[in-house]
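Presented below is the structure to which this report refers.
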Amino acid sequence: MSILINKNTRLLVQGITGNEGLFHSTQMLAYGTNLVAGVTPGKGGEWVLDGKVPVFDSVKLAKEATDANCAVIFVPARFAPDAMFEAADAGIPLIVCITEGVAVQDMMRVRNYLDQKNVRLVGPNCPGMLTPGESKVGIIPGNIAIPGNVGVVSRSGTLTYEVLYALKLVGMGASTCVGIGGDPVNGTNFIDVLEMFEHDPHTEKVVLIGEIGGSDEDKAAEFIASKMTKPVVSFIAGQTAPPGKRMGHAGAIIEGGAGTAEGKVKALEAAGVKVAKHPEEIPSLLK
Amino acid sequence: MKLHEYQSKTIFAKYGIPIPKGRVAATAVEAKHIAEELGGRVVVKSQVLVGGRGKAGGIKVAKSAAEAEQLAQQILAMEIKGLPVRKVLVDEAAAIEHEIYFAITNDRAAKKPVMIASAEGGMDIEEVAATKPEKIIKVHIDPLLGLRDYQSRDVAASIDLPREHWREFSRIAAGLWQAYLETDATLAEINPLVITKDKRLVALDGKMMIDDNALFRHADLNEMRDIDEEEPAETEARKYGLSYIKLDGNIGCMVNGAGLAMTSMDIVKLFGGSPANFLDIGGGAGSDKVSAAMKIILSDKNVKAVLFNIFGGITRCDEVARGILVAMDEVKPKVPMVVRLVGTNAEEGRKLLENAKMITAETLADAAQKAVQAAK
Ligand SMILES: Nc1ncnc2c1ncn2[C@@H]1O[C@H](COP(=O)(O)OP(=O)(O)OP(=O)(O)O)[C@@H](O)[C@H]1O
Ligand SMILES: [Mg+2]
């Protein structure tokens, strides 16, 4: 068992003929992901990956032909919002956007539109998801994690790899790893994933990797205290990051004191979460 | 990207928001001439990219052109929160009856733009927010619909703005919304928006921040960037798409991914060291980017050791290793280097660096400890 993706995931890749899209599609296919289609406007009819995967001109055509139920996006930042709208309009229920650098006003429009259609988005600016042994959607290296009962959710990319790798080195595996991305406006957040892990029978423990900025970790702490029965271990990055020079007062008015690593660690500890001093300490805290 | 007050107000004016007459000066003499043109009574305002200028003494009223010259002299010699003042804005002094706070910004938690207003605007607005939160009005804007007129009227009513100003306030709100939207701003703030003694609404201060990720569609705004206000190394880093922030320590750090970069700094500190910088080479960096990054790190004379922590994903460790070799060849660094490569093509990367006289490490903790040791 797992959350969000498993062996029944039928994946479609938007931007499959681009450099990154092709490289990571190769890796996803090699991992055993059920990659059913690619989309690149203007290249419909071609086949890629040694003739294993058909390319379509649009997500709509790809979905009609292959019944894909998940889309992963590798297109450049200026085209990514359109790619997300397209996938949602084509009726794809789960969209994963790897692209980094999407403009925030675009993301606000995308997020509000997707919410109205009840479409789940993971990312942008995220490494995607991995259910070890079943499915890999995104760019998390497959060989750094093994199947297991630890659910991992993270705002970071490479820091997540550190944690998966540290778990593997001591023989601990993951049920599913979800990289939700570090952008100010994204799709799925910590609470959504924590709730799924809480209800997933195969997940017994959870690792939450947060960082400075925003208040998502504080909300996660509230959720853990009131709704979660499974143990949670955490790490928060950015304890030594210097505060930026602030312009204007709106940030302070909206966020109040939230956003510091110190505040997040405090909130999580108050919710009964063990917070690691560095990522390699996480496995021992899970025991 | 932050814009100066004078730049922000120029944008406001384009969207029909009333601003005082005024111009920017780089010298006291220029400031005097502008004050003469404006009739003597002016405000001399430091232009630095940080808030709280008034409280720091960077904003002063002059009763004559001669006094304006004197004040400009003073302010141009100031440093505000570490930033030297290079320019002053000389604005016509307004006869203020009342100061309002008014802004549009992104509310990341709500995933929507939010309009924020308060009847108790001015330099103490953050204190108002902390002690009298009921005096702060927030109205979210649907990003798919845009600002509706009724929302501006609601805000005007909620801050007890006299009815005679509602129409003008709605017009200003619509202008600020358009400015925010069309410049891809993350902040468009007027503090204070004043009611003058002769019953006009005027934006006396302006602060805008533009989303760096949207600058590809705003070539005109990109040109407004004031690189004088940045560390030269940070400007250089941006050219290569690197994100670099200089710090006070002596251990240079080069990492892929912002979260891991922050973590590497944290762990250096945890083991008693002090990071010289934050540097994220981003995902999928090639060797040219890596060698540029290394040169930037080594341009900081405080650096006594460098820590490379690369966890390959999109980034390939062999590419990074090649970049390191290129940079080593060009810069011939004398400081010790600790390198840790894990993930995609790590083996190949390690092989490339075999003869490069670098200290290697297996774990993150190991790498940090070795770097701290090497910097001593
Ligand atoms: N043109 C002007 N005429 C009269 N008074 C002014 C004028 N400009 C500013 N002031 C007064 O000075 C105060 C501070 O000015 P301003 O808002 O521009 O800077 P600030 O708010 O201190 O800077 P920051 O926003 O960086 O904290 C205003 O609240 C207002 O009372
Ligand atoms: Mg102000």
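From (1) without any contact (Cβ under 8 Å) to a residue 24 or more places away in the chain; (2) within 16 Å of ligand 1 (Cβ to nearest atom), pick out the condition that doesn't hold for B:ILE137.
For B:ILE137, the exception is condition (2).
Looking at the structure I just gave you, is A:PHE74 in contact with a His (Cβ under 7 Å, 6 or more places away or on another chain) and on the phi < 0 side of the Ramachandran plot? Steps first, please.
Numbers: in contact with a His (Cβ under 7 Å, 6 or more places away or on another chain): yes; on the phi < 0 side of the Ramachandran plot: yes.
Criteria met by A:PHE74.
Can you name every one of the helices (runs of 4 or more DSSP H) wholly within the range A:200-270 that holds 3 or more residues which are farther than 24 Å from B:MET123 by Cα and open to solvent by less than 10 Å² (accessible area, probe 1.4 Å)?
Values: elements: A:216-227, A:250-255, A:261-270.
So the answer is A:216-227, A:261-270.
How many residues, within the range B:185-214, are more than 16 Å from ligand 2 (Cβ to nearest atom), open to solvent by 20 Å² or more (accessible area, probe 1.4 Å) and assigned to a loop (DSSP other than H, G, I, E, B)?
Residues flagged as more than 16 Å from ligand 2 (Cβ to nearest atom), open to solvent by 20 Å² or more (accessible area, probe 1.4 Å) and assigned to a loop (DSSP other than H, G, I, E, B) within the range B:185-214 amount to 4.
Would it be correct to say that B:GLU99 is within 15 Å of ligand 2 (Cβ to nearest atom), touching a residue at least 40 places away in the same chain (Cβ under 8 Å) and among the acidic types (Asp, Glu)?
Working: within 15 Å of ligand 2 (Cβ to nearest atom): yes; touching a residue at least 40 places away in the same chain (Cβ under 8 Å): yes; among the acidic types (Asp, Glu): yes.
Yes.
Is there a residue being among the polar types (S, T, N, Q), facing chain B (nearest Cβ under 10 Å), open to solvent by 10 Å² or more (accessible area, probe 1.4 Å) and outside any strand (DSSP E or B) anywhere in the range A:158-175? It would help to see each step written out before you state the result.
Looking only at the range A:158-175, we keep the residues that are among the polar types (S, T, N, Q), and these are A:158, A:160, A:175.
Adding the requirement that they be facing chain B (nearest Cβ under 10 Å) leaves A:158, A:160.
Then drop every residue that is not open to solvent by 10 Å² or more (accessible area, probe 1.4 Å), which leaves A:158.
From what's left, outside any strand (DSSP E or B): A:158.
Checking the range A:158-175: at least one residue is among the polar types (S, T, N, Q), facing chain B (nearest Cβ under 10 Å), open to solvent by 10 Å² or more (accessible area, probe 1.4 Å) and outside any strand (DSSP E or B).
Tell me the residue from B:GLY39, B:GLY122 that is more than 30 Å from A:ASP106 (Cβ to Cβ), of a type outside the set (A, V, I, L, M, F, W, C) and in contact (Cβ under 8 Å) with a residue 60 or more places away in the chain, please.
On the way: B:GLY39 fails: in contact (Cβ under 8 Å) with a residue 60 or more places away in the chain.
None of the others qualify; the one that does is B:GLY122.
Can you tell me which residues in the range A:60-115 are within 16 Å of A:THR9 (Cα to Cα) and of a type in the set (Val, Ile, Thr)?
A:THR66, A:VAL72, A:ILE73, A:ILE92, A:ILE95, A:VAL96
Could you count how many residues in the range A:109-156 are in a strand (DSSP E or B) and either among the basic types (Lys, Arg) or more than 15 Å from the chain's Cα centre (by Cα) (or both)?
Qualifying residue count, the range A:109-156: 6.
Find all pairs meeting these conditions: Cβ atoms under 7 angstrom apart; at least six residues apart or on different chains; first residue within the range A:239-267 and away from every other protein chain (no Cβ under 11 Å); second residue modelled with pLDDT under 75.
A:GLY263/A:GLY257
Please specify each residue of the range B:264-310 satisfying the condition of being crowded, with 24+ Cβ neighbours inside 10 Å, part of a helix (DSSP H, G or I), within 14 Å of chain A (Cβ to nearest Cβ) and touching a helix residue (DSSP H, G or I) at 6+ places or on another chain (Cβ under 9 Å).
Those that are crowded, with 24+ Cβ neighbours inside 10 Å, part of a helix (DSSP H, G or I), within 14 Å of chain A (Cβ to nearest Cβ) and touching a helix residue (DSSP H, G or I) at 6+ places or on another chain (Cβ under 9 Å): B:SER264, B:ILE267, B:VAL268.
Do we find a residue being within 28 Å of B:ARG171 (Cα to Cα) and either within 16 Å of ligand 2 (Cβ to nearest atom) or of a type in the set (Phe, Trp, Tyr) (or both) anywhere in the range B:104-113?
yes
Going through B:ALA203, B:ALA261, B:ALA185, B:ALA233 one at a time, which residue ends up being among the aliphatic types (A, V, I, L, M), in contact with a Phe, Trp or Tyr (Cβ under 7 Å, 6 or more places away or on another chain) and facing chain A (nearest Cβ under 9 Å)? Even if it seems obvious, please write down each step before you answer.
Numbers: B:ALA203 fails: facing chain A (nearest Cβ under 9 Å); B:ALA185 fails: in contact with a Phe, Trp or Tyr (Cβ under 7 Å, 6 or more places away or on another chain); B:ALA233 fails: facing chain A (nearest Cβ under 9 Å).
B:ALA261 is the lone residue from the list that is among the aliphatic types (A, V, I, L, M), in contact with a Phe, Trp or Tyr (Cβ under 7 Å, 6 or more places away or on another chain) and facing chain A (nearest Cβ under 9 Å).
The values are calculated or read from the model by the stated rules, or taken from the named source; none is laboratory data. Because the structure is a prediction, the values reported are computed rather than measured. Please note: Cβ atoms are built from the backbone with ideal geometry, for glycine as well, and neighbour counts cover all protein chains shown. Heavy atoms of the whole protein, side chains included, go into the accessibility calculation; ligands, DNA and RNA do not. Shrake-Rupley method; radii C 1.70, N 1.55, O 1.52, S 1.80 Å.
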